[in-house]
Amino acid sequence: MRSILVLILFGLTACGRLQKPIEQSQPNTGETQESKTSLKTDSVYAFKLRIDTLHEITIKREYVNHSNYHQTFYLNNEKIYTDTTNYLVDSSKYSKVIAENGNVLLFMECDGRPNLDYISAYAIDIKNKKMTYLSSSVFNDRPGGKTKPFTDIDGDGFLEYGGFDLSEMHPHPDSMYYNPSKFYEIKKGRLLFDSLLTKKEDIKENGIYLAQPLDKYGNCCQVIKKPKYKR
């Protein structure tokens, strides 16, 4: 009986030694499988925007394959950000850097096809060599219009940009889809959502302002009575 107990204890000890050790969790570095993929940087293409006499931003392309690329941002030739979603319009007159009050904002006109082009905004931290995506908004720049990007649209002394995105017509002649706008203001080097200008422009466009423009199904947008001036 004693020998049997010894054998059982020996077997349990052996099983304990053969157990797979618990793996320690790896720290989250923020990298994805795609970011670890080897990308080929275009050695010819480079879009440059100067911040001041000492600093400039360069936008390059890193190709995933022959038809798909990311846009990488370099501060004085040091890579600080990769954008996999927004794509610069090379010939844009609205892509620019605005540096005020010790803050640096980068604005990039992006290709929105088949919809309207839009402006993406980023904050650049020169000291810490970092870049942060802030927001995107379509913009209106109709000839003779008062909502041209980077102008003082509402006369408050600060630059604004933004506009209306919806272009779908309602089939009934007396109705229209509510067309919401989105405007931003550049104030002392900060980018702020301009709720007052957005409300003012919405009323001008739609005749009314709706804080919740989506319909009950979550689709854009609610059907409203067409203002008389739109007939």
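The values are calculated or read from the model by the stated rules, or taken from the named source; none is laboratory data. Everything numeric in this text was worked out from a predicted model, so none of it was measured. Note that each Cβ is placed from the backbone with ideal geometry, even for glycine, and that neighbours are counted across all protein chains shown. Accessible surface is based on the protein model in full, side chains and every heavy atom, while ligands, DNA and RNA are left aside. Shrake-Rupley method; radii C 1.70, N 1.55, O 1.52, S 1.80 Å.
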I need the fraction of alpha carbon pairs in region 33-138 separated by more than 16 Å, rounded to a whole percent. 58
Can you give the convex hull volume per residue for the Cα atoms of region 94-231, as a whole number of Å³? 133
Cross-chain or 8 or more residues apart, Cα under 22 Å: how many lysine pairs in region 74-192 fit that? Count them up, please. 26
Using alpha carbons only: equivalent-ellipsoid semi-axes of region 181-231, gyration tensor based, whole Å: 25, 15, 7
Which of the trypsin sites (Lys or Arg not before Pro) found in region 124-185 are loop residues per DSSP with 14 or fewer other Cβ atoms within 10 Å of their Cβ? Lys127, Lys129, Lys146
Arrange the residues His172, His55 by how much accessible surface each exposes, largest first, with a 1.4 angstrom probe. His172, His55
